[in-house]
Amino acid sequence: MQRNMRLSEYLVWTDDESVFDIKRAENIKHRTRLIVDERPAMLTLFNITKDSLNDIEAHVQRAANRELFAPIFQICSYIRSNCFVKPADLQNQYWDKCSAVITEAVEDYFYDKSSTREEILDIYVALKIFCTNGGFVNYSDESEFLNITVGKYINIFDKIFDAIVLDGTAKISSLYKNKKFNIVDLPAIKTYKNTSITVCTQLNGSLHEFENHHGILETVSALIWNQKPSDEDGLIITTKKQKEKFLAMGLPPRTSIDHFGNITGTNKYADIKFLYIVGIPYLQDNAYKIAYHTFSDDTDMNKEQRSIVINGARKLMDSDYRETADSIIAAELIQAINRVRCRKWEKGDTLHTHIFMLNKDLDVLNLIETSMGGVKITYDKEFYEMLPDEVREKKPVRALDAVLSILSDHKNLFDSNKVSKKKIFESHGITMNLSDVTKAGIWKKPAILQLVSDGKIRVAGKYIEFLE
């Protein structure tokens, strides 16, 4: 039986492919069954950037054997000339794969610890994955956002595994839709009737939001001062960057702080009654796409790549990618919530626990409610009113984003498959910013034309017809 955090560290593959080994210290024990306590880490992600290409080329050039490292130069050249140039069709996010073949001699060189630093090995692994499995390209004119995302993972479907995964969030996770999983629903040992979650749905908890709206962290600190009894302990779980800002501000009395990525499986906060989740552990969009294809049998890599804003929350347009993202985010939040007092129970119900979070994604909140049977979720008004005026000021949604959101949610908004353009502009109470485009011009935008090309809508005079 293996806990998820040490899983990849202890696995050693054998040549006969009939067993796998668990390595502890210098002892190797042969095993044919793997029981994973909690879901294994989904993926180890790597980003290939301009800097990483420069670094690995500089490294191999010092080895003075250009013929040996020809595959590395070939991969770097392919990426620079194909992935890191502006696409002619303006599709800035897409899947790609390099056909270069890495030789065994190159493999041996990079895995020789005497000749390769760990950061260079990571770049090599990323390039190798790009040639074997491919990766998702994100083109941007800004170098900061220009990259290729690839992922490595433990293939628990491999024939050498007879695997059992214990995952309390399995019933809400779209990752388990694959028919290779046999889902066994064990009886619930507790309900969450004594656990309450208060949510500020006017904020989404993104890094962008914190950077562009000053005063949110200060308001959270004020909320803790006002809400948490002085004789009770509290915990803030946030992102690593916001943790540093909280510490610089100074924490309220008897309040601890930790960050996502550092709380998995820990029990040290199990007696804390008041939890404040400030920020959502979002991954880059391409991470959710890789996760979907890793755990499904879907080999269609040309799915819709773009994202839109739905009810104020940024969402991936493709439903499969969107469900994957929602379930991964919900599972991370549920894990965070169960670090504190509600992980314990008496007579079938949790101990009294109070949680506050920022999250405007109603799909994620619904998954949390489904997973935590009996939990009380209420929507906050007090915290929002405490925020500075510049944070609460309503900003118009970009017109194209608003229209794409409405088109994506048409089944819930309209009773008919044929709707007037006027009704679309007036629907859902969205204030549109039309400063950069006219209403007529929206229907000529590439994102709309792509929906037409994909057979999802038909633009006919004053009407839009939904085809699926």
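The fewest-to-most ranking of R314, R117, R62, R254 by surrounding Cβ atoms within 10 Å reads R62, R117, R254, R314. Close amide H pairs (under 5 Å, H built 1.01 Å from N) link G234 with T255, S256, residues at least 5 positions away or on another chain. Enclosing the Cα atoms of region 317-468 in their convex hull gives a volume equal to 154 cubic angstrom per residue.
R0 = 25 Å: FRET efficiency of K381 with H208, Cβ-based, nearest 0.05?
0.55
Our estimate of slack between S196 and A248, defined as 0.36 nm per intervening residue step minus the Cα-Cα distance, is 15.8 nm. Spin-label model, N133 to N366: label points 7 Å out along the Cα-to-beta-carbon direction sit 3.0 nm apart.
Using a cutoff of 8 angstrom between alpha carbon atoms and counting only pairs six or more residues apart, the relative contact order for the chain works out to 16 percent.
Evaluate the Kirkwood expression for the hydrodynamic radius of region 321-369, namely the inverse of the mean inverse distance over all pairs of different C-alpha atoms, and round to one decimal in Å. Mind dumping the intermediate values first?
On the way: mean 1/r = 0.0839 Å⁻¹.
With all distinct Cα pairs of region 321-369 included, I get 11.9 Å.
Placing a pseudo-label 7 Å from each Cα along the Cα-to-Cβ vector at K86 and D300 gives an inter-label distance of 3.1 nm.
Between T264 and A163, what FRET efficiency follows from the Cβ-Cβ distance if R0 is 30 Å, with the result rounded to 0.05? Efficiency computed from Cβ-Cβ geometry: 0.95. Placing pseudo-labels 7 Å out from each Cα toward the beta carbon at E107 and A188 gives an inter-label distance of 4.8 nm. Relative to one another, the C-alpha centroids of region 215-275 and region 306-381 are positioned 18 Å apart. Each pair of Cα atoms in the chain enters the Kirkwood radius, and Stokes-Einstein at 10 °C and 1.306 mPa s then converts it into a translational diffusion coefficient of 63 µm²/s. For H259, H208, the sequence from fewest to most other C-beta atoms within 10 Å is H208, H259. Taking all pairs of distinct Cα atoms, average 1/r, flip it, and tell me the Kirkwood hydrodynamic radius of region 195-392 in Å to one decimal place. Here the Kirkwood hydrodynamic radius works out to 17.7 Å. Screening the chain for DSSP H helices whose Cα atoms reach 20 Å or more along their own axis and whose mean Kyte hydropathy is at least -1.0 gives 118-132, 319-337. Between the DSSP loop rule and a limit of at most 15 other Cβ atoms within 10 Å, which GluC sites (Glu not before Pro) in region 210-250 are left? Of the GluC sites (Glu not before Pro), the ones in loops of region 210-250 whose Cβ has at most 15 other Cβ atoms within 10 Å are E232.
Give me the number: length gained by fully extending Q450 to Q284, i.e. 0.36 nm times residue separation minus the C-alpha to C-alpha distance, one decimal in nm. The partial results should precede the final answer.
Working: separation 166, 0.36 × 166 = 59.76 nm, distance 2.31 nm.
Here the answer is 57.5 nm.
What the Cβ-Cβ distance of L121 and A440 gives, at R0 = 56 Å and to the nearest 0.05, is a FRET efficiency of 0.55.
Over the residues of the chain, the helix contribution to mean residue ellipticity at 222 nm works out to -9500 deg cm²/dmol, using -39500 (n - 2.57) for each DSSP H run of at least 4.
Given DSSP loops and a limit of at most 14 other Cβ atoms within 10 Å, what is the longest stretch of the chain that contains no such chymotrypsin sites (Phe, Trp or Tyr not before Pro)?
On the way: sites that count: Y111, F157.
Of all site-free stretches, the longest is 158-468.
Close amide H partners of K344, meaning residues 5 or more places away or on another chain with modelled amide H under 5 Å apart, are L351. In order along region 229-234, the Karplus-derived 3J(HN,Hα) couplings, from 6.51 cos²θ - 1.76 cosθ + 1.60 at θ = phi - 60°, round to x, 5, 9, 10, 8, x Hz, and Gly and Pro are given as x.
Within the same chain, aspartates and glutamates fewer than 8 places from K268 are excluded, and of the rest, those with a Cα less than 16 Å from its Cα are E232, D233, D258.
Using a cutoff of 8 angstrom between alpha carbon atoms and counting only pairs six or more residues apart, the relative contact order for region 44-152 works out to 42 percent.
Among V364, V106, the order by Cβ neighbours within 10 angstrom, fewest to most, reads V106, V364.
Nearest-5 percent of antiparallel DSSP beta bridges in the chain?
50 percent
Its alpha carbons give region 44-152 an Rg and a Dmax of 13.6, 45 Å.
Kindly provide the GluC sites (Glu not before Pro) of region 118-165 that DSSP labels as loop, not H, G, I, E or B, and whose Cβ sees at most 12 other Cβ atoms within 10 Å.
Values: sites: E118, E119, E142, E144; in loops: E142.
Counting only loop positions with at most 12 other Cβ atoms within 10 Å, the GluC sites (Glu not before Pro) in region 118-165 are E142.
Each reported figure results from applying straightforward, stated rules to the coordinates on display, with no laboratory input. Being a predicted model, the structure only gives us computed values, none of them experimental. Every residue, glycine among them, receives a Cβ derived from its backbone with ideal geometry; neighbour counts consider all protein chains shown.
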